[in-house]
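Visitor: One structure coming up, written as structure tokens, with questions to follow.
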Amino acid sequence: MKIRTISSAELGSRANFSDAQVRKDLGYFGQFGVSGAGYNVDELKGELETILGKNKIFKVAIVGVGHLGNALLAYTGFRKHGIEIVAAFDVDVRKIGREINGLTVRSIEEISAEIAKKGVTLSIITVPAAEAQEVADSLVKAGIEAILNFAPAYLDVPERVKVKNVDFLRELETLSYFLVNKGEEQEQQVK
Ligand code: NAD
């Protein structure tokens, strides 16, 4: 079978980076390519999947099954990226016990037991801002390692827990700034 290879220049042109940047970035993780021969495509793919944790399944819990939590639970595309939502929690008695996409919403009281039972390492917070810290504290206590936080609140967690904040509003504001200032930029380019 013929070994497929790709050069750093071709990888760079596909990703819109320079070949030097590609070599530097990949070099950060080890020696993958052969000078003059490029990268073995299958080997590189395997290495990158390992680096990105793509060959693992991450068990995820969602806390807060409102508009956003429901939308995330309804999305079926996470699995093929190694993300499996295995638990959902809420405080609202009208939501507890309800089934969404094959998953039963549990009471927040059950968070520690469920997280341990299901081997959850990552959690998504979609509760109101005022509730977010308390939820984060419960997640930390339950042994969670990473949090994706949608609530507009700063979370105080131990260093061992990685937090990523998602803010669509800020992204939209950046785009609205771009739209407002687009005319001016074009004017400056013409001058
Ligand atoms: P929502 O009110 O529809 O849902 C919140 C849910 O959290 C409700 O089901 C509520 O019962 C539950 N809840 C409240 N306290 C809880 C607790 N202590 N434990 C468990 N569950 C609890 O709100 P939404 O529209 O889905 O928004 C959710 C969060 O996401 C809000 O903080 C909102 O500001 C934020 N949000 C962020 C973005 C973004 O770009 N980051 C976009 C939209 C919404």
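Visitor: Can you tell me which residues in the stretch 84-96 are buried (at least 17 other Cβ atoms within 10 Å of the Cβ) and touching a residue at least 24 places away in the same chain (Cβ under 8 Å)?
Guide: Listed by number, the residues that qualify are I85, V86, A87, A88, F89, D90, K95.
Visitor: Within the stretch 41-99, how many residues are more than 16 Å from the chain's Cα centre (by Cα), of a type outside the set (A, V, I, L, M, F, W, C) and within 16 Å of the ligand (Cβ to nearest atom)?
Guide: Result for the stretch 41-99: 11.
Visitor: Kindly establish whether E159 is within 23 Å of Y75 (Cβ to Cβ), surrounded by fewer than 18 Cβ atoms within 10 Å (Cβ to Cβ) and of a type in the set (D, E).
Guide: On the way: within 23 Å of Y75 (Cβ to Cβ): no; surrounded by fewer than 18 Cβ atoms within 10 Å (Cβ to Cβ): yes; of a type in the set (D, E): yes.
Against the criterion (within 23 Å of Y75 (Cβ to Cβ), surrounded by fewer than 18 Cβ atoms within 10 Å (Cβ to Cβ) and of a type in the set (D, E)), E159 does not qualify.
Visitor: Among the numbered conditions (1) within 11 Å of the ligand (Cβ to nearest atom); (2) more than 20 Å from F78 (Cα to Cα); (3) open to solvent by less than 40 Å² (accessible area, probe 1.4 Å), tell me where N149 comes up short.
Guide: Only one criterion in (1) within 11 Å of the ligand (Cβ to nearest atom); (2) more than 20 Å from F78 (Cα to Cα); (3) open to solvent by less than 40 Å² (accessible area, probe 1.4 Å) is unmet by N149, namely (2).
Visitor: How many residues are in a loop (DSSP other than H, G, I, E, B) and away from the ligand (no atom under 16 Å from the Cβ) if we restrict to the stretch 158-180?
Guide: 4
Visitor: Please identify the pairs in which a residue from the stretch 97-120 that is at pLDDT 95 or above and outside any helix (DSSP H, G or I) has its Cβ atom under 6 Å from the Cβ atom of a residue that is surrounded by 14 or more Cβ atoms within 10 Å (Cβ to Cβ) and of a type in the set (F, W, Y), counting only partners at least 6 apart or on another chain.
Guide: R106/F89
Visitor: Residue check, D92 against (1) in a loop (DSSP other than H, G, I, E, B); (2) at pLDDT 95 or above; (3) within 23 Å of L52 (Cβ to Cβ), all met but one. Which one?
Guide: (3)
Visitor: I would also like to ask the following. Whether any residue in the stretch 75-95 is touching a helix residue (DSSP H, G or I) at 6+ places or on another chain (Cβ under 8 Å) and polar (S, T, N, Q) is what I want to check.
Guide: No: zero hits.
Visitor: Consider S107 carefully, then state whether it is within 21 Å of the chain's Cα centre (by Cα), hydroxyl-bearing (S, T, Y) and open to solvent by less than 50 Å² (accessible area, probe 1.4 Å).
Guide: Judged against the criteria, S107 is not a match.
Visitor: Which ones in the stretch 42-85 are of a type in the set (D, E, K, R) and in a helix (DSSP H, G or I)?
Guide: Let us first name the residues in the stretch 42-85 that are of a type in the set (D, E, K, R), namely 42-43, 45, 47, 49, 54, 56, 59, 79-80, 84.
D42, E43, K45, E47, E49, R79, K80 - these are the residues of the stretch 42-85 that are of a type in the set (D, E, K, R) and in a helix (DSSP H, G or I).
Visitor: Could you tell me which residue of the stretch 119-146 is most open to solvent (accessible area, probe 1.4 Å), considering only residues that are within 13 Å of the ligand (Cβ to nearest atom) and not aliphatic (A, V, I, L, M)?
Guide: Filtering the stretch 119-146 for residues that are within 13 Å of the ligand (Cβ to nearest atom) and not aliphatic (A, V, I, L, M), the one most open to solvent (accessible area, probe 1.4 Å) comes out as E134.
The values are calculated or read from the model by the stated rules, or taken from the named source; none is laboratory data. Here the structure is a predicted model, which is why all the values come from computation and not from measurement. Don't worry about glycine lacking a Cβ; one is built from the backbone with ideal geometry, like all the others, and counts go over all protein chains shown. To get the accessible areas, we keep the full protein, side chains included, count just its heavy atoms, and leave off ligands, DNA and RNA. Shrake-Rupley method; radii C 1.70, N 1.55, O 1.52, S 1.80 Å.
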